[in-house]
Amino acid sequence: MHAEFRTDRGRIRHHNEDNGGVFENKDNQPIVIVADGMGGHRAGDVASEMAVRLLSDAWKETTALLTAEEIETWLRKEIQEVNKQIVLYAESEMDLNGMGTTLVAAIMAKSQVVIANVGDSRGYLLQNNTLRQLTEDHSLVHELLRTGEISKEDAMNHPRKNILLRALGVEGKVEVDTFVVPFQTTDTLLLCSDGLTNMVPETEMEDILKSKRSLSEKADVFITKANSYGGEDNITVLLVERNLMQKGRDAS
């Protein structure tokens with residue numbers, strides 16, 4: 001596996017509340033994670049950092065999980081535990097009240113990839129030169145779109161676009177979505193925060209992934225492109241290809 005991780009403050013925000021990285025367990029099996037924090041007075045930073053640290057620490061203590069079923073079970077259990085720890089910590093610190101974070105994570109299983117998500121950070125797969133979104137946003141706007149109350153055009157600039165219906169750290173229990181999809185050597189997996197998807201149209205995202213650039217160059221282009229369109233939020237991108245094992249980079 002080859003992975004490239006990038007995160008950027010963007011052009012408007014004063015600090016970066018996104019987090020993520022690539023982490024390996026005892027058998028060098030990787031997990032890739034992106035989290036987008038929310039909350040006042042830097043609380044979003046705390047929530048996203050906790051989510052990534054707690055989930056990656058738990059992963060580092062495991063040995064190889066070989067089946068998709070094992071991975072799904074592990075992700076659901078550990079993300080629930082991460083959620084509980086964030087809730088408890090927020091309750092113990094007055095200035096962290098109301099903090100939370102999205103989370104999207106992926107683990108490889110033979111010729112498949114298992115993805116888990118909470119919130120509106122997304123997972124995409126470029127397969128057969130076509131980009132498709134694997135995850136569903138847990139947001140008010142997505143629910144309005146799903147029920148036909150607004151159009152796709154309305155959703156793009158909806159004033160309540162940032163309201164989430166699910167996030168880690170908000171309630172004692174959280175519902176976690178998981179997806180199992182084929183993942184071949186010609187495919188590219190993209191995990192990202194909404195700082196990318198709110199700025200760069202999916203047609204352009206697909207073109208970047210289909211280009212002849214290296215994976216590292218593609219990650220850089222995503223950040224540059226989102227900033228060129230305004231960079232209104234923190235931008236985080238994590239790209240994964242299945243090939244010879246090559247260690248990715250953690251968030252700094």
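Here is a yes/no grid of residues against (1) assigned to a loop (DSSP other than H, G, I, E, B); (2) surrounded by fewer than 21 Cβ atoms within 10 Å (Cβ to Cβ):
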site: H14; (1), (2): yes, yes
site: E49; (1), (2): no, yes
site: L54; (1), (2): no, yes
site: W59; (1), (2): no, no
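Exactly one residue out of E171, E136 is surrounded by fewer than 14 Cβ atoms within 10 Å (Cβ to Cβ), of a type in the set (D, E, K, R), part of a loop (DSSP other than H, G, I, E, B) and at pLDDT 70 or above: that is E171.
The number of residues in the stretch 21-37 that are under 22 Å from D177 (Cβ atoms) and open to solvent by 60 Å² or more (accessible area, probe 1.4 Å) comes to 0. Considering the conditions (1) open to solvent by 10 Å² or more (accessible area, probe 1.4 Å); (2) closer than 29 Å to D187 by Cβ, D95 is excluded by exactly one of them, (2). Of all residues in the stretch 86-120, those that are within 18 Å of E49 (Cβ to Cβ) and either touching a helix residue (DSSP H, G or I) at 6+ places or on another chain (Cβ under 8 Å) or part of a loop (DSSP other than H, G, I, E, B) (or both) total 16. Give the residues of the stretch 121-133 that are in contact (Cβ under 8 Å) with a residue 40 or more places away in the chain and outside any loop (DSSP other than H, G, I, E, B), sorted by residue number. The answer is R122, G123, Y124, L125, L126, Q127, T130, L131, Q133. Here N19, N25 are screened, and the one residue that is farther than 19 Å from N97 by Cα, within 17 Å of the chain's Cα centre (by Cα) and among the polar types (S, T, N, Q) is N19.
Criterion first (at pLDDT 95 or above, in contact with a Leu (Cβ under 6 Å, 6 or more places away or on another chain) and part of a helix (DSSP H, G or I)) does I79 satisfy it? The answer is no for I79.
Looking only at residues in the stretch 196-223 that are under 18 Å from R11 (Cα atoms) and among the aliphatic types (A, V, I, L, M), which one is farthest from the chain's Cα centre (by Cα)? Looking at the filtered set, the residue picked out is V221. If the condition is being in contact with an Asp or Glu (Cβ under 9 Å, 6 or more places away or on another chain) and open to solvent by less than 30 Å² (accessible area, probe 1.4 Å), then the stretch 212-224 contributes L215, K218, A219, I223. Of all residue pairs spaced 6 or more apart or on separate chains, those with beta-carbon atoms under 7 Å, a first member in the stretch 87-101 that is at pLDDT below 90 and a second member that is surrounded by 11 or more Cβ atoms within 10 Å (Cβ to Cβ) and not small (G, A, S) are D95/H41; L96/V46; L96/Y89. Scanning the stretch 67-86 for residues that are free of Cβ contacts under 8 Å to residues at least 40 places away in the same chain and within 20 Å of N19 (Cα to Cα) turns up E78, E81, Q85.
The values are calculated or read from the model by the stated rules, or taken from the named source; none is laboratory data. All values reported here derive from a predicted model rather than from experimental measurement. Don't worry about glycine lacking a Cβ; one is built from the backbone with ideal geometry, like all the others, and counts go over all protein chains shown. We work out accessible area using only protein heavy atoms, side chains counted, and drop any ligands, DNA or RNA first. Shrake-Rupley method; radii C 1.70, N 1.55, O 1.52, S 1.80 Å.
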